[in-house]
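Participant: Quick one: this structure, given as structure tokens, is what I'll be asking you about.
The values are calculated or read from the model by the stated rules, or taken from the named source; none is laboratory data. It should be emphasised that the depicted structure is a prediction, and the values quoted were computed from it without experimental measurement. All Cβ positions, even for glycine, are placed from backbone atoms using ideal geometry, and neighbour counts span all protein chains on display.
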Amino acid sequence: MVDFYNTKIIAIANQKGGVGKTTSSVNIAAYLAISETPTLLIDMDPQGNATTGVGISVGTYKNSVYDLIIGKKNVKKTILNTELKYLDIIPSSGKLVGAEVELVNQYAREKFLKEGLGNILGKYKYIIIDNKVYNFKEFEEKHPGGAKVLIHYRGRDATKKFHKVKQHTDKVKQTLPNFQIGILRV
């Protein structure tokens, strides 16, 4: 018997690099996996640190999230198992750097990830998306509808920053009612 889950998508995001988005993504995914929760980690950062963070060497795999986004491969062909029984990953690729340019003339390109994941929703209880640095306008255009967004901040002024970002996301919620945000202060 195969379990079917109401998949929750959590995207880890910040407008700044070097704040621990990847570390948080990998640790949250690993925690869920060791608690026997079926989890998929998606590495959307061309640097591929979430991929190597779960023990997969860059270049040792044939397909990546790039192939999924450009429509070259079905999502099932991009998923790799990790050493943790309940954790799979869609690895990154340096080719992601050029994906935006390649897709610039494609209609509804911001929906490619959402549509690509459609075949596996229900297989995993959680999908954790590790992102590159985004401005939030760009972020909201690219991520699956209904994604929960965990905004990662460091330092004492995290609450002030959160309130500024929340003002922007409140506007977004008017057009994307399932858009939810949270804060992780480290």
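Participant: When region 64-90 is examined, which residues are found to be surrounded by fewer than 23 Cβ atoms within 10 Å (Cβ to Cβ), at pLDDT 95 or above and not acidic (Asp, Glu)?
Facilitator: 79, 80, 81, 82, 84, 85, 86
Participant: Let me ask another. Quick one: in region 34-63, which of the residues that are assigned to a helix (DSSP H, G or I) and more than 15 Å from the chain's Cα centre (by Cα) is surrounded by the fewest Cβ atoms within 10 Å (Cβ to Cβ)?
Facilitator: Within region 34-63, the subset assigned to a helix (DSSP H, G or I) is 34, 49-53.
Imposing the further condition that a residue be more than 15 Å from the chain's Cα centre (by Cα) reduces the set to 34, 52.
Values: 34: 13, 52: 16.
If we take residues in region 34-63 being assigned to a helix (DSSP H, G or I) and more than 15 Å from the chain's Cα centre (by Cα), then 34 is surrounded by the fewest Cβ atoms within 10 Å (Cβ to Cβ).
Participant: Give me the residue from region 69-94 that is of a type in the set (A, V, I, L, M, F, W, C) and in contact with a strand residue (DSSP E or B) (Cβ under 6 Å, 6 or more places away or on another chain) and, out of that set, farthest from residue 119 (Cα to Cα).
Facilitator: Filtering region 69-94 for residues of a type in the set (A, V, I, L, M, F, W, C) gives 69-70, 75, 79-80, 84, 87, 89-90.
Those left that are additionally in contact with a strand residue (DSSP E or B) (Cβ under 6 Å, 6 or more places away or on another chain): 79-80, 87, 89-90.
Numbers: 79: 12, 80: 16, 87: 17, 89: 15, 90: 14 Å.
Only one residue fits best here, namely 87.
Participant: Counting just the residues of region 118-133 that are modelled with pLDDT of 85 or more and part of a loop (DSSP other than H, G, I, E, B), which one comes out nearest to residue 66 (Cα to Cα)?
Facilitator: Among those residues, the one meeting the criterion is 120.
Participant: Moving to a separate point now. Collect the residues in region 13-25 that are buried (at least 23 other Cβ atoms within 10 Å of the Cβ) and either modelled with pLDDT of 95 or more or more than 14 Å from residue 128 (Cβ to Cβ) (or both), keeping them in residue-number order.
Facilitator: 14
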